[in-house]
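The values are calculated or read from the model by the stated rules, or taken from the named source; none is laboratory data. The structure presented is a predicted model; accordingly, all values stated were derived computationally and were not measured. Cβ sites come from the backbone with ideal geometry, for glycine too, and all protein chains shown count toward neighbours.
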Amino acid sequence: MTTQVVRLGIIGLGIIGSEMLGIAVDHPDFEVTLVADPARPGPAGIADTPDARQIVDHPDIDAVYIASPPSTHAGYAVAAMRAGKAVFCEKPLSVDPDQGAEMVAVAADLGAVNALNFVLSDRAAAVEVGRALRTGEVGTVLGVDVRFLFPEWPRAIQREAGWVAGREQGGFLREVASHYLFLTDRLLGPLTPLHTRTTYGSGAEVAASGLLATAGGVPVRVSGQVAAGPESYGWTLYGSRTSYRITEWGRLWKGDGSGWVEVSLNGPRGDERTRLTEFARAVRGRPSTLADFAAGLRVQRVIEGFHR
């Protein structure tokens, strides 16, 4: 496949799947062939089915986007790859490390196109930090802080998806921290947990803290809490020359000892549409900025380490 439109099947029509569907139907690189959800019909004009297997087996589908609950990712992804289809999956890769490892192994054995939807893979703020690291502007990397605060969990936009509130598949570590640990892994290399502590409420975690380390010994501190206060997300990379902070999923700040100054970023911010473009590039055999399943498995192993 080089330039022709990618015929796409979508599994899962919750909030994220429906959003991606709305973008895909207007995207010049894609034609949505069939959507599947056991509880929700597709929109008018789009063929739908309650049976995801029909997407896996469909002869006129080139690629599958998976936005179903995490415990189903491996089954759908492995079946789709074995059916000769490219796969773009929502994170987390899986909630079972053995299933995640199977996804990676099958992709490697078949040479299947595989990608995971981490939002920071093409976010302009993250790309700029990567540039600053490569050019030496950061200096020596001294540490990374990853911090979150949620006044409630699940967040209002996620309440419809009951699994997000549960310990088995949900929680802010899998849903939020995974994005920032992926970014850390991409920029600094694989992470090893040194110490983790997780406190649970009636379902998912309500507090988590951890100390991780890169292969080069850079400390990565993680802290998340469900408590009174404004919802906040922060990822900070500390350097000997310049430090960088990403807030609100895409605002970038730069610090050099005299305070934090917001960095003006040019070009696309990076969003679902640009990541669909990147997926089309991958399907056509071109380089892509998207995370692959192997990166997703490294992150999954770190996240699931908090739940042991």
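Annotations
The rows are residues; the columns are (1) surrounded by 23 or more Cβ atoms within 10 Å (Cβ to Cβ); (2) within 21 Å of Leu93 (Cβ to Cβ); (3) aliphatic (A, V, I, L, M).
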| residue | (1), (2), (3) |
| --- | --- |
| Gln169 | no, yes, no |
| Asp185 | no, yes, no |
| Leu191 | yes, yes, yes |
| Pro219 | no, no, no |
| Gln225 | no, no, no |
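- Taking every residue in segment 116-132 that is under 23 Å from Leu297 (Cα atoms) and pairing it with any residue that is in a strand (DSSP E or B) and small (Gly, Ala, Ser), at least 6 positions away or on another chain, the pairs with Cβ-Cβ distances below 6 Å are Leu116/Ala291; Phe118/Ala291; Ser121/Ala291.
- Filtered residues of segment 11-37 (kept if surrounded by 20 or more Cβ atoms within 10 Å (Cβ to Cβ), without any contact (Cβ under 8 Å) to a residue 60 or more places away in the chain and not small (Gly, Ala, Ser)): Leu13, Leu21, Val32, Leu34, Val35, Asp37
- Hey, Ala101 free of Cβ contacts under 8 Å to residues at least 24 places away in the same chain, outside the structural domain of Ala165 (by TED's automatic domain parsing), more than 18 Å from Leu8 (Cα to Cα) and of a type in the set (Gly, Ala, Ser) or not: no
- Within segment 84-104, considering residues that are hydrophobic (A, V, I, L, M, F, W, C) and over 19 Å from Phe30 (Cα atoms), the one surrounded by the most Cβ atoms within 10 Å (Cβ to Cβ): Leu93
- Those strands (runs of 3 or more DSSP E) of segment 174-288 in which at least 3 residues are outside the structural domain of Ala86 (by TED's automatic domain parsing) and among the aliphatic types (A, V, I, L, M), considering only elements entirely within it, cover 205-214, 219-226.
Results for (1) under 30 Å from Arg134 (Cα atoms); (2) in contact (Cβ under 8 Å) with a residue 60 or more places away in the chain; (3) out of contact with any His (no Cβ under 8 Å at 6 or more places or on another chain); (4) aromatic (Phe, Trp, Tyr), shown as yes or no for each residue.
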| residue | (1), (2), (3), (4) |
| --- | --- |
| Tyr200 | no, no, yes, yes |
| Gly203 | no, no, yes, no |
| Ala213 | yes, no, yes, no |
| Val220 | yes, yes, yes, no |
| Val226 | no, yes, yes, no |
| Gly229 | no, yes, yes, no |
| Tyr233 | yes, yes, yes, yes |
| Tyr238 | yes, yes, yes, yes |
| Thr242 | yes, yes, yes, no |
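- Residue within segment 41-48 that is surrounded by fewer than 18 Cβ atoms within 10 Å (Cβ to Cβ), in contact (Cβ under 8 Å) with a residue 12 or more places away in the chain and of a type in the set (Val, Ile, Thr) present: yes
- Checked against the criteria, Val138 counts as touching a strand residue (DSSP E or B) at 6+ places or on another chain (Cβ under 7 Å), in a loop (DSSP other than H, G, I, E, B), assigned by TED's automatic domain parsing to the domain that holds Ser202 and buried (at least 17 other Cβ atoms within 10 Å of the Cβ).
- Residues of segment 153-201 that turn out to be more than 25 Å from Gly14 (Cα to Cα) and at pLDDT below 95, as a count: 0
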